[in-house]
């Protein structure tokens, strides 16, 4: 079909417009390329000539400042301090590293042993990897190296930041520490951040420092420098600073932590304080402690060996890593299981003659002559073992184990801390899987009083107490905010227990502290607004033979330290409106009522008072002793950083 003249004219017009558009685009591209070529040939000629002639522009990474860590009140508990050091790159040293080191030794001390160590390290490392020759130099040493830099090829004086822990011993187990990146560290990372290759770059090894490494590390910066043919840095062409790691605020109260550490003193012990409403961990203290600053700076073999060989295990965080037979504190679990199963009620009683016989074996009560008739409340008040032996046979281990897990025992709680233990809430299936043996009735009796296979950490015991006090599924939380953004979790659901059953258990804990026959009456709080409820525990670490019972059980004071019983105590206050839950474990401390309960009471009082416990809150006959103890302490009262003040 032939087109009309009009169609032909319209088609020509469209083709013309398209041609003009295409030509315009081509012209624009050509002009852009021309301008770029002009810039490269004229304006940036020197830069590209240096790149092509001698590869004399190098990109160097700048380590970021590590994020700061604060306590709940804003006090700095992990910061950074200025650190002067000197590095040497073999590629830039002209091939004679030893000669450079000899010249440098005239400015800073480098003995023969250190010289051999450095030469060996240079032989192992890549020629382009800077090696730290010395750090924590004085300003005078640093200045002298900088002045003599032209005569020291490959040597670079650097100013950076190093981690510092102002409260060292108080928070060592919570915070952990940082250290140089090792080959083992790199082997655990699939695609390691290039910043980890920087000389003496440090990353978190344990504790919060390790668990929150991603948030605290920050992002590396970089600088472009011009170097001459000998590798000597001539000038800095550009610099882009790195981004500092996040500022983390923990739930820990540094003042309370300090008081707890001093209150436990030289004991091998652990204390945990939880906020019953929020689950926040206000205190997680393990004693004895250590100075994490020594690990940052490079701990000596002598210091490290002394820590490893210490029988009180100062490197272990007993609050979450240590697991212990919970002793009579576990009776809260057994009683709650019996009440919820409907096996007993508040009025049910069993007779305690001082023992029960099961399968030809006697299971003894701690009170040799027995307690007589015991109901639920008085069984807790006087910690009658026989009541729980009888109860366990009726309830069964599976329901006791289920209750233990509901109350937080045998469950690993997710916290940014190292080696958090799960503990053991044993049942029939557990023993079959672990030992390939059937469950025995004697196992149930032992478990009912927190012995046998049952193991719990101080953190788990605090969670158990918080759940009994609140009736909700309290989970511990350690991080309060990151870069000022609150880290709030979901609401804690109700445990679903019968309120009357929970009240029976709480009333029993109140009787432990405040009734005339309560096992911990001596550690009570007499201030009614802070009325405390608690439960003592003493867990055996050795078997008591029939012969020993016949002639009289040897007291803890007569035994070597490592064979004494563990002392435990759990409590909450105020009784009518619970705010804090506390657990204390003193390894080989003896009786819970005598050793652990007074420590827990004082720590709880500090939390309630928001400072040094008032003497009027304890019985009059104990005030002089408490005052003397407080006077001997060197208490820490943290102050929040002032606005505008550098925290690095």
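The values are calculated or read from the model by the stated rules, or taken from the named source; none is laboratory data. What you see is a predicted model, and the numbers here were worked out from it, not measured in a lab. Heads up, the Cβs are rebuilt from the backbone with ideal geometry, glycines too, and the neighbour counts pull from every protein chain shown.
Some notes on this structure:
- Residue count for segment 66-111, restricted to those that are on the phi < 0 side of the Ramachandran plot and at pLDDT below 90: 29
Per-residue answers, yes or no, for (1) buried (at least 21 other Cβ atoms within 10 Å of the Cβ); (2) in contact with a helix residue (DSSP H, G or I) (Cβ under 9 Å, 6 or more places away or on another chain):
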residue: 451; (1), (2): no, yes
residue: 458; (1), (2): yes, no
residue: 461; (1), (2): yes, yes
residue: 464; (1), (2): yes, yes
residue: 467; (1), (2): yes, yes
residue: 472; (1), (2): no, yes
residue: 486; (1), (2): no, no
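- Residues of segment 274-292 that turn out to be in contact (Cβ under 8 Å) with a residue 40 or more places away in the chain and in contact with a helix residue (DSSP H, G or I) (Cβ under 6 Å, 6 or more places away or on another chain), as a count: 11
- Tabulated pairs, segment 363-385, first in contact (Cβ under 8 Å) with a residue 60 or more places away in the chain, second in a strand (DSSP E or B) and surrounded by fewer than 23 Cβ atoms within 10 Å (Cβ to Cβ), C-beta under 6 angstrom, 6+ apart or interchain: 363/356; 364/355
- In segment 411-439, of all residues being touching a residue at least 40 places away in the same chain (Cβ under 8 Å) and more than 19 Å from the chain's Cα centre (by Cα), the one that is farthest from residue 323 (Cα to Cα) corresponds to 439.
- Verdict on residue 56 being surrounded by 16 or more Cβ atoms within 10 Å (Cβ to Cβ) and at pLDDT 85 or above: no
- Residue match in segment 317-330 (condition: farther than 21 Å from residue 412 by Cα and either at pLDDT 95 or above or crowded, with 22+ Cβ neighbours inside 10 Å (or both)): yes
- Considering segment 428-516, the qualifying helices (runs of 4 or more DSSP H), each wholly inside and each with 1 or more residues that are under 30 Å from residue 416 (Cβ atoms) and in contact with a strand residue (DSSP E or B) (Cβ under 9 Å, 6 or more places away or on another chain), run over 428-435, 458-470.
- Residue match in segment 144-156 (condition: under 39 Å from the mean Cα position of the chain (by Cα) and in the same structural domain as residue 194 (by TED's automatic domain parsing)): yes
- With respect to the conditions (1) in a loop (DSSP other than H, G, I, E, B); (2) in contact with a strand residue (DSSP E or B) (Cβ under 9 Å, 6 or more places away or on another chain); (3) modelled with pLDDT under 95, residue 639 lacks only one, and its number is (2).
- In summary, residue 244 fulfils each of the numbered conditions (1) free of Cβ contacts under 8 Å to residues at least 40 places away in the same chain; (2) more than 30 Å from residue 564 (Cβ to Cβ) with the single exception of condition (1).
- Filter result for the condition that a residue is part of a strand (DSSP E or B) and assigned by TED's automatic domain parsing to the domain that holds residue 586, over 266, 281: 281
- Output for segment 139-167, where each listed residue is free of Cβ contacts under 8 Å to residues at least 40 places away in the same chain and part of a loop (DSSP other than H, G, I, E, B): none
- Only one of 405, 399 that is touching a residue at least 12 places away in the same chain (Cβ under 8 Å), assigned by TED's automatic domain parsing to the domain that holds residue 465 and within 21 Å of residue 571 (Cα to Cα): 405
- Applying the criterion of at least 1 residues that are under 30 Å from residue 499 (Cβ atoms) and touching a helix residue (DSSP H, G or I) at 6+ places or on another chain (Cβ under 9 Å) to the helices (runs of 4 or more DSSP H) found wholly in segment 296-385 leaves 331-341, 376-381.
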